[in-house]
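Here's the structure we're looking at; comments come further down.
Taken together, the values in this text are just the output of simple stated rules run on the coordinates, not laboratory data. The shown structure was predicted, so the numbers you read here are calculated from the model rather than taken from an experiment. No Cβ is skipped: glycine too gets one built from the backbone with ideal geometry, and neighbour counts run over all protein chains shown.
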Amino acid sequence: MIQVINTKNKPCMAIFDNMQLNTLDQAIKTVDPSVAIDTIDYDTGIITVSITYNLDTPNQWTNHNFMQINVASDSVAAAFYDVYTRVYDRCI
């Protein structure tokens with residue numbers, strides 16, 4: 001479940017609709033199936049990506065702050081690019 005933080009009247013980044021957010025989450029999973037969009041913080045313009053280690057084992061655990069990507073002032077397309085390429089660079 002993606003946590004969305006949006007308490008201010010003026011978000012610091014473009015607002016993703018559900019389809020765009022799901023597409024971004026699925027796109028980063030093509031890089032590594034254990035990563036996921038964890039938090040969208042519209043107040044700060046930060047998208048946080050989590051990673052789950054030991055997937056599907058009894059020792060499975062999740063690092064909810066694996067990556068924090070500053071996409072403040074970005075459009076949806078620019079934020080998508082920023083998140084995907086940062087995940088790609090870190091995981092490949």
Does region 68-92 hold any residues that are assigned to a loop (DSSP other than H, G, I, E, B) and surrounded by fewer than 13 Cβ atoms within 10 Å (Cβ to Cβ), and which are they?
73, 75, 92
Residue by residue through region 6-50, note down the ones that are over 15 Å from residue 84 (Cβ atoms), crowded, with 16+ Cβ neighbours inside 10 Å and either hydrophobic (A, V, I, L, M, F, W, C) or touching a residue at least 40 places away in the same chain (Cβ under 8 Å) (or both).
12, 13, 14, 46
Hits in region 49-92 (condition: within 19 Å of residue 23 (Cβ to Cβ) and among the polar types (S, T, N, Q)):
50, 75, 85
With the condition kept exactly as written, say whether any residue in region 78-92 is of a type in the set (D, E, K, R) and within 11 Å of the chain's Cα centre (by Cα).
yes
Cβ pairs under 6 Å, 6+ apart or interchain, first in region 53-65 and touching a residue at least 24 places away in the same chain (Cβ under 8 Å), second surrounded by 12 or more Cβ atoms within 10 Å (Cβ to Cβ) and assigned to a strand (DSSP E or B), ordered by first then second residue, are 64/38; 64/50
